[in-house]
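The values are calculated or read from the model by the stated rules, or taken from the named source; none is laboratory data. If you're wondering where the values come from, they're calculated on a predicted model, not measured in any experiment. Here the Cβ positions follow ideal geometry from the backbone for every residue, glycine too, while neighbour counts run over all protein chains shown. Surface accessibility is based on the protein's heavy atoms, side chains included, excluding ligands, DNA and RNA. Shrake-Rupley method; radii C 1.70, N 1.55, O 1.52, S 1.80 Å.
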Amino acid sequence: MNRWSSLVSGSLKWQPLRSSKFRAAFLALGLVVFLAAPLTVPSQPRPGAVSPAKQAATARLSNEQVNQKVSSLLKRMTLEEKIGQLVQIGGFSFGPKAPKPADLLRKGVGGSVLWIDDTARINRLQHVAVDESRLHIPVLFGLDVIHGYHTIFPIPLAMAASWDPALVVQAQTVAAREASAEGIQWTFAPMVDIARDPRWGRIVEGAGEDPFLGAAMARAQVRGFQGAYIGSPGHILACAKHFAGYGGADGGRDYDSVYIPEERLWNVYLPPFHAAEEAGVGSFMSAYMDLNDVPATGNRFLLQDVLRRTWHFQGFVVSDAFAVRSLVTHGFARDPKDAAFRAFTAGVNMDMASETYLQYLPELVKQGRITTAQIDAAVRPILAMKIRLGLFEHPYVDEARAAEILKSPGDVKLARRAAQRTMVLLRNENQLLPLKKSIRSIAVIGPLADSARDTNGSWVVEGKAKKAVTVLQGIRNKLGPQVHVEYAKGPEIRRWIPSMFDSMQGRKRKPPQTPEEAQKAIDTAIDAVRHADVTVAVLGELGNMSGEAASRSSLELPGRQEQLLEAAVATGKPVVLVLINGRPLNLAWASQHVPAILEAWYPGMEGGNAVADILFGDANPGGKLPIDWPRGVGQVPVYYAHNLTQMPDTAPGFKSRYWDGLSSPLYPFGYGLSYTKFAVTHLVLDRNEVKIGEKLGVSVDVQNIGHVAGDEVVQLYIHQRAGSASRPERQLKGFERITLAPGEKKTVHFTLGRNELSFWSPQDKKWVEEPENFDVWVGEDSTAKLHGTFKVIP
């Protein structure tokens, strides 16, 4: 069994399969012709030009077959053409003197093109590459398809809150189908960086703080994007990013340096990447930042020692945008030529957008600093991916089908279900929720209550994304005209420093509200609160407040939202807080004064309908937090899997590590409420001792003791009491989301074995499973109380 046990069935490793008679005949008769002559392709894209039989014949090639094709191509390529495959060019020129993408493709330069989502233009550039270049090698088109393409799903952090890998597979399968129909063959996702500092903007793209949950989400995303194998019809190539440690940036500042000790790197930050690799991900992306003073894009330890020698990765590595040339900015490389040498020899196959390889690799080969054999080795996996993806056989897109995809409503049911399953109920005093549909009037207030763009969140392909249903629209859809729904936007919120993506997304920078205008907006909203039976305050962050280059020094509600919330509660009317956001925010006051709080994240295109489903009881919240929720920014980073230390929280007489506040989170990792209640009982270990390498069975009974059906995420945590290193107080090592009717009971089974019980020892410098005593807890979050013990013996 692989080191990280799979929560998503199936492997995407490139394994040879028995060929059909058709495929055998095709390979025997056509392989020589295919490799020895220019490719024959239709002059225009034709719907249905590629038959299912031909797709079946070429989809699942063995390693030997792919290697033969690659070797034959390499023999015919010039050095310039080989280097051209190592260059990823932008879909637009960066200035009047920059070469146009089509001109580069005619010369065989451009293994990949990025930043294009126009199907007609994709076809035009693909025709240039296939029809007008010497060897007719097709181009790989890549784009950031993060949480949907046309159908927009909740952000990845929210999807992790579902604790439902099968749901993640379904969502990314839809994203792949829609993107591939429009000519996108490669996504720069999943982002599997562990993030324990919510100030970091890109926490929105990952699965939170835990390596076990993160690994499960990584496997699921790879499976969703790539399908059963690379080249599966309707799927695209995935890219695990940002390798590695990017989420540990100093101060949560995007792009800043990262310092991670080797024990934490192996045990916390690398497992999700390893899970993606074991799931068969076809590509990795190197990160921007310094890792322990060596930039990740020039880091031989990461790209050679870990990725290729230890994990035996067979795909290719692309840099992040301009990261190769930026090695000069880091003070790591002397000049751009030195940057090209360092990135290439470290293990970066493809240079994203900086054209540093294009300018300097020929000279480095001429000087003998890089050999042609090294160039060939770097080109091989890129050509192999194009062959596996079937680009040589069907390089073009059916534009009519792409247009139909855009006209469709998207996978509305799945988007709504996904949003429902990702929402986390943080507070529900006196069972304020669910609200009754017989309510006479409701006030919906807040700057995010009717913002479709912000409901979708960050990392959305503008112009392709289905417009989101806002919370206001969702409530009106739910209640109909018979209930009076009054809306007041309240004070505006904005970034102090504009997002670098604003101009690309058509966000216009407007003059800020004056203090008088903001107060008037608050007064108008509070007037609506006073006249309503109940208020839903939709607060949080704009979509551009999370994502790349979107780190924050504060976790406060931006602008004057806190003032609006406090004023609404002061009226004495019941208030429900719905959060639209991409990170934990400061809820210290709200957690004591607002009776109901629902974390909706950026919920995607059906977010408003899903929020209304939760608020009015048509869906029961079952999401759980994938990250500890801090009481305030002064606690950051706070995470459950810390070591016991000299004075642990559970020690007699322990007060706090801070003299002015608690060290525990406001809401723990794995936390989430429901409209029903569950009892987790009868913990059974199938034995008290296991030998190293053996497996231990663990089971618990879970019963719905409430009055409505609901979901519970049963979580298993362990602690190794002693050993060659201090081990975290608790570590998640198993989970399962189950649905139970009122009164229903189910026994949930877990297995603990070498994968769960071993760790990378900083003293032994290797993975170890040690003979020691272990604690095990099972329950509803990381503070689970149901406890047992067992011993691992030699």
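Apart from one condition, SER354 fits all of (1) open to solvent by 20 Å² or more (accessible area, probe 1.4 Å); (2) assigned to a loop (DSSP other than H, G, I, E, B); the exception is (1). Of the residues GLN126, GLN221, GLN170, GLN226, the single one that is touching a helix residue (DSSP H, G or I) at 6+ places or on another chain (Cβ under 7 Å), polar (S, T, N, Q) and under 23 Å from ALA321 (Cα atoms) is GLN221. A search for C-beta distances below 8 Å between a residue of segment 443-465 that is closer than 13 Å to GLY543 by Cβ and free of Cβ contacts under 8 Å to residues at least 60 places away in the same chain and any residue that is among the small types (Gly, Ala, Ser) and surrounded by fewer than 24 Cβ atoms within 10 Å (Cβ to Cβ), counting only pairs 6+ apart in sequence or on different chains, returns GLU462/GLY506.
Contact map, segment 423-439: residues that are open to solvent by 20 Å² or more (accessible area, probe 1.4 Å) paired with residues that are among the polar types (S, T, N, Q), Cβ distance under 7 Å, separation 6+ or inter-chain. Pairs shown: ARG427/SER591.
Within segment 107-122, the set of residues being buried (at least 20 other Cβ atoms within 10 Å of the Cβ), outside any loop (DSSP other than H, G, I, E, B) and touching an Asp or Glu at 6+ places or on another chain (Cβ under 9 Å) comprises LEU114, THR119, ILE122. Filtering segment 332-342 down to residues that are in a helix (DSSP H, G or I) and touching a residue at least 24 places away in the same chain (Cβ under 8 Å), which residue is most open to solvent (accessible area, probe 1.4 Å)? Once the filter is applied, the top-ranked residue is ARG342.
With respect to HIS707, is the statement that it is open to solvent by 40 Å² or more (accessible area, probe 1.4 Å) and either more than 20 Å from SER674 (Cα to Cα) or in a strand (DSSP E or B) (or both) true? Criteria not met by HIS707.
Report yes if THR151 is among the polar types (S, T, N, Q), over 22 Å from HIS394 (Cβ atoms) and surrounded by fewer than 24 Cβ atoms within 10 Å (Cβ to Cβ), otherwise no. Considered against the rule, which asks whether it is among the polar types (S, T, N, Q), over 22 Å from HIS394 (Cβ atoms) and surrounded by fewer than 24 Cβ atoms within 10 Å (Cβ to Cβ), THR151 comes out as no. Look at segment 366-384: where a residue is over 18 Å from GLN185 (Cα atoms), no partner that is open to solvent by 70 Å² or more (accessible area, probe 1.4 Å) sits 6+ places away or on another chain with Cβ atoms under 7 Å. When we screen GLY474, GLY446, GLY457 for residues that are crowded, with 18+ Cβ neighbours inside 10 Å and under 25 Å from the mean Cα position of the chain (by Cα), the only hit is GLY457. Can you say whether LEU61 is at pLDDT 95 or above and either part of a strand (DSSP E or B) or open to solvent by less than 70 Å² (accessible area, probe 1.4 Å) (or both), as far as the supplied structure shows? Taking the combined requirement at face value, the residue does not satisfy it.
Conditions tested, residue by residue: (1) closer than 30 Å to PHE392 by Cα; (2) touching a residue at least 12 places away in the same chain (Cβ under 8 Å); (3) assigned to a helix (DSSP H, G or I); (4) in contact with a strand residue (DSSP E or B) (Cβ under 6 Å, 6 or more places away or on another chain).
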| site | (1), (2), (3), (4) |
| --- | --- |
| ALA216 | no, yes, yes, no |
| HIS235 | yes, yes, no, no |
| ILE260 | no, yes, no, no |
| PHE301 | no, no, yes, no |
| GLN304 | yes, yes, yes, no |
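Might you let me know whether segment 513-536 holds any residue that is acidic (Asp, Glu), within 27 Å of PRO595 (Cβ to Cβ) and surrounded by 21 or more Cβ atoms within 10 Å (Cβ to Cβ)? Checking segment 513-536: not a single residue is acidic (Asp, Glu), within 27 Å of PRO595 (Cβ to Cβ) and surrounded by 21 or more Cβ atoms within 10 Å (Cβ to Cβ).
Just one of the listed residues (PHE313, PHE301) is touching an Asp or Glu at 6+ places or on another chain (Cβ under 7 Å), open to solvent by 10 Å² or more (accessible area, probe 1.4 Å) and farther than 23 Å from ILE203 by Cβ, and it is PHE313.
Sub-6 Å Cβ pairs linking a first residue in segment 275-291 that is in contact (Cβ under 8 Å) with a residue 24 or more places away in the chain and open to solvent by 10 Å² or more (accessible area, probe 1.4 Å) to a second residue that is of a type in the set (S, T, N, Q) and not in a helix (DSSP H, G or I), at least 6 apart or interchain, are GLU278/ASN2; ASP290/SER257, ordered by first then second residue. Of the residues making up segment 596-630, those that are open to solvent by 20 Å² or more (accessible area, probe 1.4 Å) and in contact with a Pro (Cβ under 7 Å, 6 or more places away or on another chain) number 1.
For the structure I just gave you, tell me whether VAL576 is in contact (Cβ under 8 Å) with a residue 60 or more places away in the chain and within 33 Å of the chain's Cα centre (by Cα). The answer is yes for VAL576.
This table checks each residue for (1) among the hydrophobic types (A, V, I, L, M, F, W, C); (2) in contact with a Ser or Thr (Cβ under 9 Å, 6 or more places away or on another chain); (3) part of a loop (DSSP other than H, G, I, E, B); (4) more than 24 Å from LYS624 (Cβ to Cβ).
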| residue | (1), (2), (3), (4) |
| --- | --- |
| ARG687 | no, no, yes, yes |
| GLN703 | no, yes, no, no |
| LEU716 | yes, no, no, no |
| PRO728 | no, no, yes, no |
| GLU736 | no, no, no, no |
| GLY743 | no, no, yes, no |
| ASP764 | no, yes, yes, yes |
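Taking segment 283-314 as the range and being among the small types (Gly, Ala, Ser) and under 20 Å from the mean Cα position of the chain (by Cα) as the test, the residues that pass are SER283, SER286, ALA287, ALA296.
For VAL169, state whether it is at pLDDT 95 or above and either open to solvent by less than 10 Å² (accessible area, probe 1.4 Å) or among the aromatic types (Phe, Trp, Tyr) (or both). No: the conditions fail for VAL169.
Residue-by-condition table, conditions (1) over 20 Å from the mean Cα position of the chain (by Cα); (2) in a helix (DSSP H, G or I):
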| residue | (1), (2) |
| --- | --- |
| GLN126 | yes, yes |
| ASP131 | yes, yes |
| VAL145 | no, no |
| HIS150 | no, no |
| TRP163 | no, no |
| ALA166 | no, yes |
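A count restricted to segment 237-258 and to residues that are touching a residue at least 40 places away in the same chain (Cβ under 8 Å) and touching a Leu at 6+ places or on another chain (Cβ under 8 Å) stands at 4. In the condition set (1) over 29 Å from SER232 (Cβ atoms); (2) open to solvent by 40 Å² or more (accessible area, probe 1.4 Å), THR345 is compliant with all but (2). Per this entry, PRO648 is not counted among residues that are open to solvent by less than 50 Å² (accessible area, probe 1.4 Å), assigned to a loop (DSSP other than H, G, I, E, B) and within 30 Å of ASN704 (Cα to Cα).
Would you mind stating whether ILE236 is closer than 27 Å to ARG60 by Cβ, over 18 Å from the mean Cα position of the chain (by Cα) and surrounded by 24 or more Cβ atoms within 10 Å (Cβ to Cβ)? Here the answer is no, as ILE236 does not meet what is asked.
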